[in-house]
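Working notes, beginning with the structure itself.
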Amino acid sequence: MRILLLLLLSILGVHAGSVPLASYLESVESSSAVGALNANSAAQAALQRSQVQSEGFLLNGEVGYASEKNGDRNKAEYHVAVEKRFVFGDSDAYADALKISSQKQQELQLYQLKTVVYEHYINACTLKEKAGLLKDAQERNIELTKLIEEGVKGGEFDRSALLRSELVVDELQLRISDLENRYYEALQSLQLYTRKEDSEEPFCQDLPSEITITENPEQYSTLYRYLESEITATSTLQNFRSTAVQDIKLGVGYDNEIDLSRGIVFVQIPLTQGSRRDSEREAAAQAKLAAQQQLLFAKAQIEAQIRTYTAAQQTRRNTFDRLNDVLIPKAYESSVLLLERFMGSEGSYLSYIDSQKALFDLLIRGIDTRANALLAQAKLYRILGVDPQKDIK
């Protein structure tokens, strides 16, 4: 029997203001945090795109005074032209690759923020479950304290038993207060990304009740797709920078020294590439290499993290199953039997108190084990850029 799950369901209950996990995750998509990240990535893409695009038309005008002219020593001269720079190379391909890369980055950022919210949801629910469990323990001990107080008045118990029972109740209250304060902090962190009202609290019953191991999580990774799109973008930039003659300037205008009634057309073609062009080519090649190496390193790093995650998750699952199937049922049965003996004046109150403490410590450990497993999965999802909503039924 899954005693831990049954206790949690009875403690948490369903409240009118409860917000399910799916609602929190959907709210992330319209949050200011996502808007700020998306605007930043779009601005970076636009800045990169502008570096390979030609400028608009330019008006070039020159006015001079030539005092040494034949025929008229006080002759003014001027040159007026409209110029246009033409960029050669597939800049459109680079712009398209940047657009795709920006979209992948925004998708990655969205999923990573969703997993941050998922982590806050897990933390809030864990603290809420612990506080609820300890409140249940406190209520049991308050009722028992009342019985002991009556026993002290009737001479069945000495005052030490009452003091010990009151001490247990007070100690539980301290732990509950600490958990409630931490729960409030977790709730504020959760609401930061979702704009939920203070009166709304996490539903919590939609968290997985079992510990699972995610199989092949990298197949859902937006991080890989983003890094691959970065390689494509840097490759197109390198191809663009490798264009032999990258830009030519064409101008149309007239010069009053030639003929006021006739226009002129001129073209400017660079004769040499120059050190700047060499540096641009080298930078583009290095950017492509860096993107490729980043993908390779990310894959190697994540493969190691997945192996660590899988081994640790298997240990957590074994621990959780043993707690639920063996340890908690035994502690629960022991506590019930000792309570019956105590109520029948056959057992020690201290033995019952110790059994209660052992039971609730095991229950708390079960909550922590499940929470750590969920947080480990969420952390892996955040690194990979996996949408946590894929696991919500």
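The values are calculated or read from the model by the stated rules, or taken from the named source; none is laboratory data. All values reported here derive from a predicted model rather than from experimental measurement. With ideal geometry, Cβ positions are generated from the backbone for all residues, glycine too; neighbour counts draw on all protein chains shown.
Just one residue in the set ILE142, ILE148, ILE176 is among the aliphatic types (A, V, I, L, M), under 33 Å from the mean Cα position of the chain (by Cα) and in a helix (DSSP H, G or I); that residue is ILE176. Only residues that are crowded, with 20+ Cβ neighbours inside 10 Å and either in contact with a Phe, Trp or Tyr (Cβ under 6 Å, 6 or more places away or on another chain) or of a type in the set (Phe, Trp, Tyr) (or both) were counted in the range 138-160, giving 1.
For every residue, the table says whether it meets (1) modelled with pLDDT under 90; (2) over 27 Å from SER229 (Cα atoms); (3) surrounded by 13 or more Cβ atoms within 10 Å (Cβ to Cβ); (4) touching a strand residue (DSSP E or B) at 6+ places or on another chain (Cβ under 7 Å).
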| residue | (1), (2), (3), (4) |
| --- | --- |
| GLU29 | no, no, no, no |
| ALA39 | no, no, no, no |
| ARG49 | no, no, yes, no |
| GLY61 | yes, yes, no, yes |
| LEU98 | no, no, yes, no |
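Selection of the range 337-370 for residues being out of contact with any helix residue (DSSP H, G or I) (no Cβ under 9 Å at 6 or more places or on another chain) and part of a helix (DSSP H, G or I) yields only GLU340. Residues that are in a loop (DSSP other than H, G, I, E, B) and of a type in the set (Val, Ile, Thr) are absent from the range 162-170 altogether. If only residues of the range 330-359 that are over 17 Å from LYS135 (Cα atoms) and of a type in the set (Lys, Arg) are counted, the one that is modelled with the lowest pLDDT is ARG341.
Kindly establish whether GLY347 is farther than 30 Å from TYR24 by Cα, surrounded by 13 or more Cβ atoms within 10 Å (Cβ to Cβ), over 22 Å from the mean Cα position of the chain (by Cα) and not aromatic (Phe, Trp, Tyr). So GLY347 passes the test. Would you check if ALA373 is surrounded by 15 or more Cβ atoms within 10 Å (Cβ to Cβ), touching a Pro at 6+ places or on another chain (Cβ under 8 Å) and part of a helix (DSSP H, G or I)? No. Hey, among the residues in the range 289-313 that are polar (S, T, N, Q) and surrounded by 13 or more Cβ atoms within 10 Å (Cβ to Cβ), which one's nearest to the chain's Cα centre (by Cα)? Only one residue fits best here, namely GLN305.
When each of ALA371, ALA304, ALA378 is tested for being free of Cβ contacts under 8 Å to residues at least 24 places away in the same chain and small (Gly, Ala, Ser), the lone residue that passes is ALA304. When every residue of the range 196-207 is checked against the conditions, at least one turns out to be under 20 Å from the mean Cα position of the chain (by Cα) and not in a loop (DSSP other than H, G, I, E, B). Looking across the range 173-204, just one residue is surrounded by fewer than 16 Cβ atoms within 10 Å (Cβ to Cβ), touching a residue at least 60 places away in the same chain (Cβ under 8 Å) and over 18 Å from SER32 (Cβ atoms), and that is SER199.
Scanning the range 63-81 for residues that are of a type in the set (A, V, I, L, M) and at pLDDT 75 or above returns VAL63, VAL80, ALA81.
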